[in-house]
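Visitor: For reference, the structure I am asking about is given below.
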Amino acid sequence: MTVGHLHLAFAGGTALVTGGRSGIGASTVDLLAESGLSVIALDVSPEDAVAHRPAVRHAVADVTDEAAVTTALTDLLGESPLDYVVNSAGIHRQAGLESLSAADWRQVLDVNLVGAALTTKAALPWLRRSAGAAVVNVTSLEASRVVALINPEPVAHYAASKAGLEMLTASMARDLGRYGIRANSVAPGFIQTPMARANHAGVAALPEQAAARVPMGRYGDPAEVASAIAFLLSEGASYITGASLLIDGGFSTT
Ligand SMILES: NC(=O)c1ccc[n+]([C@@H]2O[C@H](COP(=O)([O-])OP(=O)(O)OC[C@H]3O[C@@H](n4cnc5c(N)ncnc54)[C@H](O)[C@@H]3O)[C@@H](O)[C@H]2O)c1
């Protein structure tokens, strides 16, 4: 299936996208639906920011609640296979190390890291029914480097959760390869989404101190992350597993 300039070949028909109602997740839902897949957009928030498409079904569940994810998949899939999982649900709270409470640490690790592990585990019985299943986890540039450009303090709990998600991805690739399931991650930099706007004082353009460090000189668009996710899910990436793809406009080169 050719979408825009992108040729995507998919072996199967159904994708689960967590965090599917906003930002990168919503863009991924759109692109996968455009590519001919049936998509389940799962989100803790019932607000519907995604254009209604017949190929998209919505589920309200918290990714940290394994039983709730299982219930949603049982309701929507029955005995049918699931081919793809995109773990894009995530939270970010701007705060420096000195002000982070135990509750802050647990909440961010729980959603960003444990949530991806439990969602993938819950999906596994359906993924194993697919002939060419794949998982993509949405990590961050901050998984591999400390970033404190727009805000003076690095977000230790968020960065640690994303570094953990990178290692979870590698473990998934190793563990799930036995079922023919691939697992990769994308590590976005500054992407213009509601999350980024909340943390960058709501400005439309990438703040100057960050733009000066990004060779592309601008925010990335969520669609520019979605296209990489779609590629990693597709048949075109059939020998790629355990990989992490930076999508940061070149920030990490500076
Ligand atoms: N925007 C960026 O610059 C950027 C950069 C690097 C990584 N990321 C990562 O990309 C992913 C998507 O972020 P975004 O920028 O699109 O943010 P966003 O806030 O626009 O979207 C995140 C979505 O996740 C959902 N969500 C949050 N907690 C959940 C839970 N417990 N269960 C189910 N859904 C939940 C939210 O309701 C929301 O719809 C996140 O994992 C984020 O950490 C974003």
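Derivation of every value follows stated rules applied to the coordinates shown; laboratory data play no part. Note that the structure is predicted; figures quoted are calculated from it, not measured. Methodologically, a virtual Cβ is constructed for each residue, glycine included, from the backbone with ideal geometry; neighbour enumeration extends over all protein chains shown.
Visitor: In what sequence, highest mean first, do 90-103, 220-233, 67-80 appear when ranked by Cβ atoms within 10 angstrom?
Guide: Values: 90-103: 13.4, 220-233: 22.5, 67-80: 15.7.
Taking the mean over residues of other Cβ atoms within 10 Å, the ranking is 220-233, 67-80, 90-103.
Visitor: Roughly how many debye, to the nearest 20, is the charge dipole of the chain about its Cα centre, given +1 on each Lys and Arg Cβ, -1 on each Asp and Glu Cβ, and no other charges? The partial results should precede the final answer.
Guide: Details: 16 positive and 23 negative charges, 91 e Å.
Roughly 440 debye, rounded to the nearest 20.
Visitor: Please determine, in degrees from 0 to 90 and to the nearest 10, the orientation of helix 222-233 with respect to the longest principal axis defined by the Cα atoms of the chain, where the helix direction is its Cα long axis.
Guide: 40 degrees
Visitor: Could you give the length gained by full extension between Val60 and Ala223, i.e. 0.36 nm per residue of separation minus their alpha carbon distance, to one decimal place?
Guide: 56.4 nm
Visitor: Over the residues of the chain, compute the C-alpha Rg and express it relative to 2.2 N^0.38 Å. Please list the in-between numbers first.
Guide: Values: Rg = 17.2 Å, N = 254, 2.2 N^0.38 = 18.0 Å.
Against the compact-globule rule of thumb, the ratio is 0.95.
Visitor: To continue, here is another question. Using alpha-carbon positions, what is the distance between the centroids of the stretch 65-130 and the stretch 204-254, in Å?
Guide: The two parts, judged by their Cα centres, are 22 Å apart.
Visitor: Where does each of Tyr219, Tyr84 land when they are ranked from fewest to most other beta-carbon atoms within 10 angstrom? Spell out each step's value before the answer.
Guide: Working: Tyr219 24, Tyr84 32.
The order, fewest Cβ neighbours first, is Tyr219, Tyr84.
Visitor: Where the Cα atoms of the stretch 14-99 are projected onto their three principal axes, how long is each span, largest first, in whole Å?
Guide: Ordered largest first, the stretch 14-99 gives principal extents of 48, 27, 21 Å.
Visitor: Beta carbons within 10 angstrom, averaged per residue: use that to sort the peptides 33-43, 194-204, 117-127, highest first.
Guide: Working: 33-43: 23.0, 194-204: 13.8, 117-127: 21.2.
Ranking, from highest mean packing down: 33-43, 117-127, 194-204.
Visitor: Then there's this: Ratio of the stretch 92-202's C-alpha Rg to 2.2 N^0.38 Å, to two decimals?
Guide: Values: Rg = 15.6 Å, N = 111, 2.2 N^0.38 = 13.2 Å.
Normalised by 2.2 N^0.38 Å, the Cα Rg of the stretch 92-202 equals 1.18.
Visitor: Follow-up. Work from the charge dipole of the chain (Cβ charges, +1 for Lys and Arg, -1 for Asp and Glu, about the Cα centre) and give the residue of Val155, Thr120, Gly202 farthest towards its positive end.
Guide: Farthest along the dipole direction, towards plus: Thr120.
Visitor: Counting each DSSP H run of 4 or more residues in the chain as -39500 (n - 2.57), what helix-only mean residue ellipticity at 222 nm follows after dividing by all residues, to the nearest 500 deg cm²/dmol? Before the final figure, lay out the partial values.
Guide: Working: 8 runs with 88 residues, N = 254.
Mean residue ellipticity, 222 nm, calculated: -10500 deg cm²/dmol.
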